[in-house]
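Scroll down for the structure; my scribbles are underneath it.
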Amino acid sequence: MTTAEAAPEVSHRPRAADAVLAAGLAMVVAQLVWKFELVRRTYFRQDDFHYLIRGQESGFTWDYLMWVDVGHLLPGGFGISWAMARLGGYNEVLAHTMTMALQAGASLALLRLLVVLFGARPAILVPLGFYLLTPMTVPSLSWWAAVLETLPLQLALPMALSAHVLYARDGRARHLVAACAWTVFGLAFFVKAAFVPVLALVVTACWLTPSWRGLWRLWRAWAAYAAVLAAYSWIFFTGLYGSVQINHSTQTPTLPSLEVAGEFAWLLGSRGLVPSALGGPWAWQPVGEDYAMAAAPEPLVWAGLAVAAAVVAVSVRHRRRAWAAWLVLLGYFLAADVVPVLLGRIDVLGPGVLGHELRYLAATATVVAVVIGLAFIPLSGERHPWLRPRERTLLQETRLQETPLRRTRPSWSRLRWSRLRWVWVPLVATFAAGSVWSVTAYADRPLGAPVRAYVETARQALSRVPEGTVVLDTYVPPGVAAAAFFHEYARHSRLLGVPDPWPVTWTSRLSGPLRNPMTFDARGRLRPVAVKGLTIPQGPACVPVGPREVRFRLPARLPGGEYTAQISYLNAAETTLSVRLGLGVAQAAAGKDLGRTFVQIAGEGGELALRTTGGPGACVGEIRIGTPVPDEHAAAIPPRQVGG
């Protein structure tokens, strides 16, 4: 049998190949324009602020770069964060430019891999189009910290596989060096890059079928990959068990129960991988105003599983070793997408939430595209790509040997395949329509606008207050950076201190005589502090307080907790007040003349007792005890939210 019959190739005429490449490049450009409309509306959020703050506060050291963040080792991402913090901090233009550059590189790298594997034939535009359109990658594009991990891997994976395939074919050392270099590049950003050599091994074993000499030559590749992975494993696990997390604890990975693991794998596969591979999820569950998780309707979930099963069955029925392609996808999904989450944060949010997170599948889109090609497209020069009855194959080979110059008719399998391939037209059209619908539905939200407005308003407010103004250092709203996850990195002083600190006086606790302390409201504006809670009003005259305790009855009993007390005074001289609430006692300095002092006190009870210690007496007026909040009745700085 001739090679042309065994593995039908696209015409080798330069115009045909050029037309395919031109079409692929046009598709990449159109995708970049389309996705830029989403990316340009995003802003920094959550982990983004943590990474940039840490980059601004740290030196460019080994310990800084090799810190493992809840199972994530990304020295490349930390290096970029370190540079970004010194190039304007929250520099949207730079972040968006980097995102689109990486997206362009990842798309072109996949196009190159498809050409290397299958040749410049029109069929490669199908897996390329899948990668360019699938909503699987969209949530990660709206989160800069996710971009730092997933897009470099989407670039490194096809580049490393391309170099490996070329090395398997011609044995040139430069291809092996390139494959290792791209693997190291991917590992610098995402631990999932450790599976790139495994993919290379499987592709070689199942599809490249080298000679015995070639097998020996490839042992050098496995030795090189093993050395890379051994070095990386030592660095990763050393950092994993030695890195102190932002909650001041170290991480000890443990596997959850089989029930939790099975539920998460099922949800991530059935509600995430399969629907997004078919153009879904079609609907989203908002997480705040700038992010969303997959929320595929239940009937479409089951319909998608049925379609996926049919696609797999058709490929296995007609394409030799298609089963291996789908096993590659299943293995990668379980090993690279499921297991890291089970070892990391499954115990924090649970499978019911994380099972709908497409961010975990962003880099898997590249693998799915390659698997689609392996399952349906013959490799360049591949013999016997299709499954056919053995008798028909032997008969045709006999006829070819007897009449080598006679033009042969297409095989029965190829004729049937040419009819079946038209079934893909409505499937591809449905996928494209679903993808556009899903991405449009995701983008139909404010995205980064609320966080951008808050941060820019807060920065403008700090620029308008006098130098040295006392600002209560509270946590930013959870939609900007959740204090439950980022702790001290979610405070205004640190988040707004990038790239340079502001000339104000930050305080996390109101204590002592303070003149007009301010705090941020829900829109990022500065307002004077007001203590919300109980008030002991000022009488016709202030109440003298000396060394003997004076008790003030509260309007209601306070339960146990920590409170802020604001005490107005009119003193002849500076003194110190001792404040008691039940068994809790605290002291606060009180100045001369008219003013007010603050004290933090923990206790409970129905009265507040005051006395002076080690100084002259005081004269106390209005007392407020409760929680410090922005005074909504006072003027805000600036008067309106930026962009609001």
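The values are calculated or read from the model by the stated rules, or taken from the named source; none is laboratory data. Quick caveat: nothing in here was measured; it's all calculated off a predicted structure. Methodologically, a virtual Cβ is constructed for each residue, glycine included, from the backbone with ideal geometry; neighbour enumeration extends over all protein chains shown. Accessible surface areas use protein heavy atoms only, side chains included; no ligands, DNA or RNA. Shrake-Rupley method; radii C 1.70, N 1.55, O 1.52, S 1.80 Å.
Provide the gained length on full extension for the span Thr627 to Ala449, in nm with one decimal, where the gain is 0.36 nm per separating residue minus the Cα-Cα distance. Kindly include the intermediate steps, with their values, before the conclusion.
Details: separation 178, 0.36 × 178 = 64.08 nm, distance 2.97 nm.
Result for the pair: 61.1 nm of gain on full extension.
On full extension, the segment bounded by Leu387 and Ala572 gains 56.6 nm, given 0.36 nm per residue less the C-alpha separation.
Excluding Ala635 itself, what net charge comes from residues whose Cβ is under 14 Å from its Cβ, given Lys and Arg +1 and Asp and Glu -1?
With Lys, Arg at +1 and Asp, Glu at -1, the neighbours total +2.
Report, to one decimal in Å, the Kirkwood hydrodynamic radius for the chain based on all distinct Cα pairs. Mind showing how you got there, number by number?
Details: mean 1/r = 0.0349 Å⁻¹.
By the Kirkwood definition, the hydrodynamic radius is 28.6 Å.
Per-residue ellipticity at 222 nm, computed for the chain from helices alone with -39500 (n - 2.57) per DSSP H run of at least four residues, works out to -15000 deg cm²/dmol. Each label was represented as a point 7 Å from its Cα along the Cα-to-Cβ direction; for Ala429 and Ala635 these points are 6.5 nm apart. Taking every alpha-carbon pair under 8 Å whose residues sit at least 6 apart, segment 1-148 reaches a relative contact order of 38 percent. Remark: segment 86-99, residue by residue, has Karplus-estimated 3J(HN,Hα) of 9, 10, x, x, 7, 8, 5, 4, 5, 5, 5, 5, 5, 4 Hz, where x stands for each Gly or Pro and the curve is 6.51 cos²θ - 1.76 cosθ + 1.60 at θ = phi - 60°. Converting phi to 3J(HN,Hα) with the Karplus coefficients 6.51, -1.76 and 1.60 and the offset θ = phi - 60°, segment 192-206 yields 5, 5, 5, 8, 4, x, 5, 4, 4, 4, 5, 4, 5, 5, 9 Hz in sequence order, with x at every glycine or proline.
Residues Phe237, Phe118, sorted by accessible area with the largest first, give Phe237, Phe118 [1.4 Å probe; ligands and nucleic acids excluded]. Computed over Cα pairs, the Kirkwood radius of segment 570-615 leads via Stokes-Einstein (1.567 mPa s, 4 °C) to a diffusion coefficient of 117 µm² per second. Distance between the modelled labels on Asp347 and Val550, one decimal in nanometres: 5.4 nm (7 Å Cα→Cβ projection).
A straight line joining the Cα centroids of segment 542-562 and segment 273-290 runs 56 Å. Rounded to whole numbers, the Karplus 3J(HN,Hα) couplings from phi for segment 115-131 are 5, 5, 6, 10, x, 7, 9, x, 4, 5, 5, 6, x, 5, x, 4, 4 Hz, using 6.51 cos²θ - 1.76 cosθ + 1.60 with θ = phi - 60°, and x at Gly and Pro. Taking every DSSP bridge with both residues inside the chain, close to 95 percent are antiparallel. Placing Glu263, Glu467 in order of accessible area, with the largest value first and a 1.4 Å probe, yields Glu467, Glu263. The value obtained for segment 496-644, namely the Cα convex hull volume divided by the number of residues, is 136 Å³ per residue. The figure for Glu57 is an accessible area of roughly 90 square angstrom, using a 1.4 Å probe on the protein chains alone. Seen against the Cα atoms of the chain and their longest principal axis, helix 212-242 is set at about 10 degrees.
Close amide-amide hydrogen proximity is noted between Val550 and Leu610, Arg611, each under 5 Å apart and 5 or more residues distant or on a separate chain (H modeled in the peptide plane; Pro and chain starts excluded).
Summarising the amide proton neighbourhood of Ser508: residues at separation of 5 or more, or on other chains, whose placed amide H is nearer than 5 Å comprise Asp473.
Distance from the Cα centre of segment 446-506 to that of segment 129-208, in angstrom? Taking the Cα centre of each part, segment 446-506 and segment 129-208 sit 38 Å apart. Helix 14-39 and the long axis of the chain differ in direction by around 20°, with both axes built from C-alpha atoms. Quick check: from the Cα gyration tensor, does segment 307-380 come out rounded (a/c under 1.5), prolate or oblate? In terms of gyration-tensor shape, prolate. To the nearest 10 Å², what's Leu94's accessible area with a 1.4 Å probe? Accessible surface of Leu94 is approximately 60 Å². The gain in end-to-end length when the Ala541 to Ala223 segment is fully stretched comes to 105.7 nm, 0.36 nm per residue minus the alpha carbon separation.
Probe radius 1.4 Å, ligands and nucleic acids left out: which of Glu357, Glu549 has the largest accessible area, and how do the rest follow?
Working: Glu357 5, Glu549 75 Å².
Of Glu357, Glu549, the descending order of accessible area is Glu549, Glu357.
Rg/Rh, computed from the Cα trace of segment 92-195 with Rh as the Kirkwood radius, has the value 1.00. Taking amide H atoms as placed 1.01 Å from N in the peptide plane, the amide H of Met66 has no partner under 5 Å among residues 5 or more positions away or on other chains. Give me the angle, in degrees from 0 to 90, between the Cα long axis of helix 173-187 and the longest principal axis of the Cα atoms of the chain, rounded to the nearest 10. Helix 173-187 sits roughly 30 degrees off the main axis of the chain. Could you tell me which of Met100, Leu148, Val531 has its Cα farthest along the dipole of the chain towards the positive end, charges placed at Cβ (Lys, Arg +1; Asp, Glu -1), taken about the Cα centre? Going by the Cα projections, it comes out as Met100. Ligands, DNA and RNA aside, Tyr454 has an accessible area near 10 Å² when probed at 1.4 Å.
I need to check one value: relative contact order of the chain, counting alpha carbon pairs closer than 8 Å and at least 6 residues apart, in percent. All intermediate terms of the calculation are to be shown ahead of the outcome.
Numbers: 1114 pairs, mean separation 95.9, N = 644.
Relative contact order here is 15 percent.
Placing pseudo-labels 7 Å out from each Cα toward the beta carbon at Leu125 and Leu201 gives an inter-label distance of 3.8 nm.
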